[in-house]
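Novice: If you scroll down you'll find the structure; I have some questions about it.
The values are calculated or read from the model by the stated rules, or taken from the named source; none is laboratory data. These numbers were taken from a predicted model, which means no experiment stands behind them. So basically every Cβ, Gly included, is an ideal-geometry build from the backbone, and we count neighbours across all protein chains shown. Keep in mind that these areas ignore ligands, DNA and RNA; they rest on the heavy atoms of the full protein, side chains included. Shrake-Rupley method; radii C 1.70, N 1.55, O 1.52, S 1.80 Å.
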Amino acid sequence: MGAPSWRMLETEIGFGPQSSWPSVVVTMPDGAEPVSLRGRIDGVERVGDVVRAVEFKSGRGDGYRRRLQDGALDTQFQLVVYAAAVERARRAGRLPPDCTTVDGVYVGFRDLAEHTLRDALGGDGRKRLPRYDVDALVADGAAGEGALGDAVRRVVGPLRAGRFEPRPRD
């Protein structure tokens, strides 16, 4: 008997203002206007009590895993934001109530490889830092708080002040 198969629940699902799912809203300091994150998730699938945001990529999946490991919440926000949006939708009753764990996955079309947030950012014994508690990252992020909220404030604050601070790619 093989492992259970993932079942697609949603495709091309939007989150944010005027979308099917609610925004991930990040409060800003000093009463400044909050940031409402919006986007479109390629797919949302489930197996057992796990539900995950799926982002399909035309290249190899392992390259996205490395980028996520090296730049999570610095230059790589997409999959973390998508997982937070899935969690927010779950809390809003837009997903089956027995889905209790949220993850995200990049799927590379060239190699059909899957690379999840838990694989890339969890404690797998590698020496790459920082490591994240993915459950806390997603749960706090859905509320616009924690590491995701801090990262959004770090990016948006200078932009709103008229400072565009480019960072060279490694």
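Novice: What do you reckon, is Phe15 among the aromatic types (Phe, Trp, Tyr) and at pLDDT below 95?
Specialist: no
Novice: All but one of (1) β-branched (Val, Ile, Thr); (2) modelled with pLDDT under 80; (3) under 16 Å from Val134 (Cα atoms) hold for Thr75; state the number of the condition that does not hold.
Specialist: For Thr75, the failing item is (3).
Novice: Which number in (1) open to solvent by 30 Å² or more (accessible area, probe 1.4 Å); (2) at pLDDT 95 or above marks the one condition that Asp30 misses?
Specialist: The one condition Asp30 does not meet is (2).
Novice: In addition: Looking at Val25, Val35, which one is open to solvent by 40 Å² or more (accessible area, probe 1.4 Å), touching a residue at least 60 places away in the same chain (Cβ under 8 Å) and among the aliphatic types (A, V, I, L, M)?
Specialist: Val25
Novice: Right, next: I'm trying to understand the selection: among the residues of region 43-72, which are more than 16 Å from Ala120 (Cα to Cα) and at pLDDT below 85?
Specialist: Selection gives Gly59 alone.
Novice: Among Arg67, Arg46, Arg52, which is the only one that is in contact with a Pro (Cβ under 9 Å, 6 or more places away or on another chain) and either within 20 Å of Thr11 (Cβ to Cβ) or of a type in the set (D, E, K, R) (or both)?
Specialist: Unique residue meeting the criteria: Arg46.
Novice: Of the conditions (1) closer than 20 Å to Asp135 by Cα; (2) open to solvent by 60 Å² or more (accessible area, probe 1.4 Å); (3) in contact (Cβ under 8 Å) with a residue 12 or more places away in the chain, Ala84 clears all except one; give me its number.
Specialist: (2)
Novice: Pick from Asp98, Asp140, Asp135: which is assigned to a helix (DSSP H, G or I), farther than 16 Å from Asp70 by Cα, open to solvent by 80 Å² or more (accessible area, probe 1.4 Å) and at pLDDT 90 or above?
Specialist: Asp135
Novice: Val105 passes all but one of (1) under 15 Å from Trp6 (Cβ atoms); (2) at pLDDT 95 or above; which number fails?
Specialist: The one condition Val105 does not meet is (2).
Novice: Do the conditions hold for Arg40, that is, is it open to solvent by 30 Å² or more (accessible area, probe 1.4 Å) and modelled with pLDDT of 85 or more?
Specialist: yes
Novice: Condition test on Gly125, is it assigned to a loop (DSSP other than H, G, I, E, B), over 13 Å from the mean Cα position of the chain (by Cα), more than 30 Å from Met8 (Cβ to Cβ) and at pLDDT 90 or above?
Specialist: When the stated conditions are applied, Gly125 does not pass them.
Novice: Under 8 Å by Cβ, and 6 or more places apart or on different chains, what pairs join a residue from region 153-165 that is under 17 Å from Leu73 (Cα atoms) with one that is assigned to a loop (DSSP other than H, G, I, E, B)?
Specialist: Taking only residues 6 or more apart or on different chains, the pairs are Arg153/Met28; Val156/Met28; Gly157/Met28; Pro158/Phe164; Pro158/Glu165.
Novice: Could I ask something else about it? Taking Glu45 as the residue in question, decide whether it is open to solvent by less than 30 Å² (accessible area, probe 1.4 Å), touching a residue at least 40 places away in the same chain (Cβ under 8 Å) and of a type in the set (D, E, K, R).
Specialist: Taking the combined requirement at face value, the residue does not satisfy it.
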